[in-house]
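Single-structure report; data block below.
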Amino acid sequence: MTPAIDLYPAIDVRGGRVVRLTQGRYDDETVYGDDPLTIAREFIDAGATWIHVVDLDAAKSGVGTNRDVIEGISRVAAGVARVQVGGGVRSVADARELAHRGVSRVVMGSAAMSTPQLVAEVAQLVPVAVGLDHRGGEVSVDGWTRSGGRRIEECVTLFPDAAAFVVTDISRDGMLMGPDVDGLVALAEATSTPVIASGGVASIDNLVALRATGVIAGVITGKAIYEGRFTVGEALAALK
């Protein structure tokens, strides 16, 4: 029997509000709510055991202006679900503060690309997922604003201490065009570290296809939920 995979319903926070960017463009934003804690509670009430939070302000500036919001989400989730946070996690101090605020796992992207050893240091404090955000297989950094100069296939060999890889196809993110299943499978088969798919999920059929691979460990989805393509409960049922 094909194993179940984890669902990570996403809450992207900018200026304290729940938003989604299209292909990572900060000038193409859709606002889905003013209260991230209420949305987190709805996800958890529907059965989510993980919440994926992205601090978009910190991803761009490096300043964690939404950390009170993140702590609030962690309190809502306490004892029921775990919180994974990315965006602007660039130092041991950033990771320590997020762990102190109740975060179960941090996602490091730009900082991991520039200093791979930092992942090993942070992993001593809190589990680390390395964010591999890419366009056509070339990793992007600094809030998706520039190329990191590496291919994604190389990057999965650089982080032996990573708890997971969060793989985001920027060209598909927010576009509801479906994930690159074949590309994700090829990457998952090239590493023993769990791969979490992100970007492009548009339907229950997409979730079923990811589960059917047998090698994808999790899937992050946001816009499809906010746009009513499926509910958290329906997604969880499809992934079991």
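Report, as a whole number in µm² per second, the diffusion coefficient that Stokes-Einstein gives for the range 1-160 at 25 °C and 0.890 mPa s using the Kirkwood radius over alpha carbon pairs. Provide the component values of the computation, followed by the final result.
Working: Rh = 16.0 Å.
The estimated diffusion coefficient comes to 153 µm²/s.
Once you charge only the Cβ atoms, +1 for Lys and Arg and -1 for Asp and Glu, what is the size of the charge dipole of the chain about its Cα centre, to the nearest 20 debye? Write down the numbers at each step before the final one.
Working: 22 positive and 30 negative charges, 52 e Å.
About 240 debye.
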Point to revise | Cα gyration tensor of the range 88-203 - equivalent ellipsoid semi-axes, whole Å, descending | key: 23, 15, 14
**Study point:** Amide H within-cut-off set for residue 50, under 5 Å, with H built and near neighbours excluded
**Key:** 82
Review point. Per-residue HN-Hα couplings for the range 126-140, Karplus 6.51 cos²θ - 1.76 cosθ + 1.60 at θ = phi - 60°, whole Hz, x for Gly and Pro?
Key: 7, x, 10, 9, 8, x, 10, 8, 9, 10, x, x, 9, 5, 10
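Only helical DSSP H runs with n ≥ 4 go in: add -39500 (n - 2.57) per run for the chain, normalise by residue count and round the 222 nm mean residue ellipticity to 500 deg cm²/dmol. Before the final figure, lay out each step's value.
Numbers: 11 runs with 81 residues, N = 240.
Calculated at 222 nm, the ellipticity per residue is -8500 deg cm²/dmol.
Out of all DSSP beta bridges with both ends in the chain, state the antiparallel percent to the nearest 5.
Details: 12 of 44 bridges.
About 25 percent, rounded to the nearest 5.
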Practice item. Find which of 218, 185, 168 sits farthest along the positive direction of the dipole of the chain, computed with +1 on the beta-carbon of Lys and Arg, -1 on that of Asp and Glu, about the Cα centre. Key: 218
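Assuming a ≥ b ≥ c are the square roots of the Cα gyration tensor eigenvalues, decide whether the range 1-49 counts as rounded (a/c under 1.5), prolate (otherwise, with a/b larger than b/c) or oblate.
Numbers: a/c = 4.12, a/b = 1.56, b/c = 2.65.
In terms of gyration-tensor shape, oblate.
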Revision key, fill the gap. A correct Karplus calculation of ³J(HN,Hα) over the range 107-113, with 6.51 cos²θ - 1.76 cosθ + 1.60, θ = phi - 60°, whole Hz and x for Gly and Pro, returns 10, 10, x, 4, 5, 5, 5
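Every read-out reported here was derived from the displayed coordinates using simple, explicitly stated rules and does not represent laboratory data. Keep in mind that this is a model prediction, so the values were computed, not measured. Methodologically, a virtual Cβ is constructed for each residue, glycine included, from the backbone with ideal geometry; neighbour enumeration extends over all protein chains shown.
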